[in-house]
Amino acid sequence: MSVKTKLAVLATLCLGYGIHAANAETVLNVATAGDQNMVDYVKTWLGPKFEAAHPGVKVQVVGTGPGDAGSNKIMEKLTAQQQSGAKNWDIDVAVVHQAVGGQLVEKGLLEKYRQAINTGSMVSAENAKNALGVNVDGYVMPMFLSQTAIAFNSEMIKTPPKSYDELVQWSQQNPKAFGYNGIKNGMSGVSFVVGWMYAYGTDAQRLSALPYDKGVEKEWGQAWAKLKEFNKNVTFTPGNAGTLDMLSRGEITMGPVWVDMFYSWKDQGKLPPSIKLALISPGMPGQPMYYVVPAHAAQPKLAQAFIALATSPDVQAQGIVKQFNWYPGIDAQYVKGKLDEATWQKLFAEISPEDLAKYGKSFPINPYFTDIKEGYESQVSN
């Protein structure tokens, strides 16, 4: 046998062994929308924890991209597998945004599993039951809650506004000191505009939890006119990071931000201690990311066990809160005992769990959300 032939046989044997070894493992396939940090979290931290507790199981994670586009890719994949009639689908656990979570339920693509896991009773938030007007109760488990709020320089503002009304008055007295990005280049500005419409257009309950009615827009004319007038006194920022950067440099003294991004900047020393947070009345929106189990997951029991671990008080405390500064997906009361006092105070001293429950709102259902963005462009930006 020639050397070349021997090498070819050896390579074949090695390849065959590799396939056999791979088949000997049980693979749990996880697909996650969101930024790269979501993939890294599962790959380097959560996945290894699950594997350690489940010998012989390998967690395989793939990222589908940021924003709703990433969640839509997961929905497209599951839809294609449903239409193909495949007995077992090749995603066992998915992490999706709130809007797509509701669409997955409507399309019959998910398993109703929350009552089957021991952490299912640890979440009472409305966003675990309602996804922008769709009843998702039992089908989803929040991974975390990302919330928007108003950041302000406490050295310049001793008593921050407590409502949109007070903010309007403050901006009149302090022109150009409030900054946001309108509805371009970042969702913190979009969130501020949605909160404005909840305050002056139509309340959050109607827009985020009830069926769409185009006639509701008839109530919005004065809200748009008021916002256009308000915008004369603001500084426009280049986006989410741009608002924080301008706050850090003192170019503005107040603006809407994502809470997790805010605290991450503080941890990195990119924001001075004087910059603090407030959540104003009647509220501003945030959104959860959901853990879901496809209706024909190949490993449904392992998928449930994975989500139970991921939403356990220990993992929510050490992973979700301490690593990412996100609000926990389960109720905060279950996480508090797993956190040191300094971490708890950092996350909840300025916006308490009670404030979050009262003033943390959902984004509107998709048709209203589209109407709001189009209304801003035609009635405010023109």
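The values are calculated or read from the model by the stated rules, or taken from the named source; none is laboratory data. From a predicted model like this one, the values you see are computed outputs, not experimental measurements. Heads up, the Cβs are rebuilt from the backbone with ideal geometry, glycines too, and the neighbour counts pull from every protein chain shown. With ligands, DNA and RNA removed, areas are computed over all heavy atoms of the protein, side chains included. Shrake-Rupley method; radii C 1.70, N 1.55, O 1.52, S 1.80 Å.
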Segment 240-260, subset aliphatic (A, V, I, L, M) and touching a strand residue (DSSP E or B) at 6+ places or on another chain (Cβ under 9 Å), residue surrounded by the fewest Cβ atoms within 10 Å (Cβ to Cβ): MET246
So GLU106, is it open to solvent by 80 Å² or more (accessible area, probe 1.4 Å), of a type outside the set (Ser, Thr, Tyr), touching a strand residue (DSSP E or B) at 6+ places or on another chain (Cβ under 8 Å) and at pLDDT below 95: no
Test result for LYS43, surrounded by fewer than 23 Cβ atoms within 10 Å (Cβ to Cβ), under 28 Å from TYR212 (Cβ atoms), in contact (Cβ under 8 Å) with a residue 12 or more places away in the chain and not β-branched (Val, Ile, Thr): no
Any hit, segment 155-163, residues being aliphatic (A, V, I, L, M), at pLDDT 95 or above, in a loop (DSSP other than H, G, I, E, B) and open to solvent by 20 Å² or more (accessible area, probe 1.4 Å): yes
Residue in segment 77-87 that is of a type outside the set (Lys, Arg), touching a residue at least 24 places away in the same chain (Cβ under 8 Å), part of a helix (DSSP H, G or I) and closer than 23 Å to PHE144 by Cβ present: yes
Helices (runs of 4 or more DSSP H) contained in segment 287-382 and holding at least 2 residues open to solvent by 10 Å² or more (accessible area, probe 1.4 Å), free of Cβ contacts under 8 Å to residues at least 24 places away in the same chain and farther than 16 Å from TYR139 by Cα: 332-336, 341-348, 353-359, 366-375
Residue in segment 212-222 that is on the phi < 0 side of the Ramachandran plot, open to solvent by less than 30 Å² (accessible area, probe 1.4 Å) and of a type in the set (Ser, Thr, Tyr) present: no
Sole residue being within 25 Å of ASN366 (Cβ to Cβ) and either touching a Lys or Arg at 6+ places or on another chain (Cβ under 6 Å) or open to solvent by less than 70 Å² (accessible area, probe 1.4 Å) (or both), chosen from GLY179, GLY120, GLY186: GLY186
Cβ-Cβ under 6 Å pairs, at least 6 apart or on other chains, segment 191-206 side of a type in the set (Gly, Ala, Ser), far side open to solvent by less than 10 Å² (accessible area, probe 1.4 Å) and assigned to a loop (DSSP other than H, G, I, E, B): GLY201/TRP220
Test result for ALA149, at pLDDT 95 or above, within 18 Å of ASP355 (Cβ to Cβ), of a type in the set (A, V, I, L, M) and open to solvent by less than 30 Å² (accessible area, probe 1.4 Å): yes
Residue within segment 65-76 that is assigned to a helix (DSSP H, G or I), free of Cβ contacts under 8 Å to residues at least 24 places away in the same chain and not small (Gly, Ala, Ser) present: yes
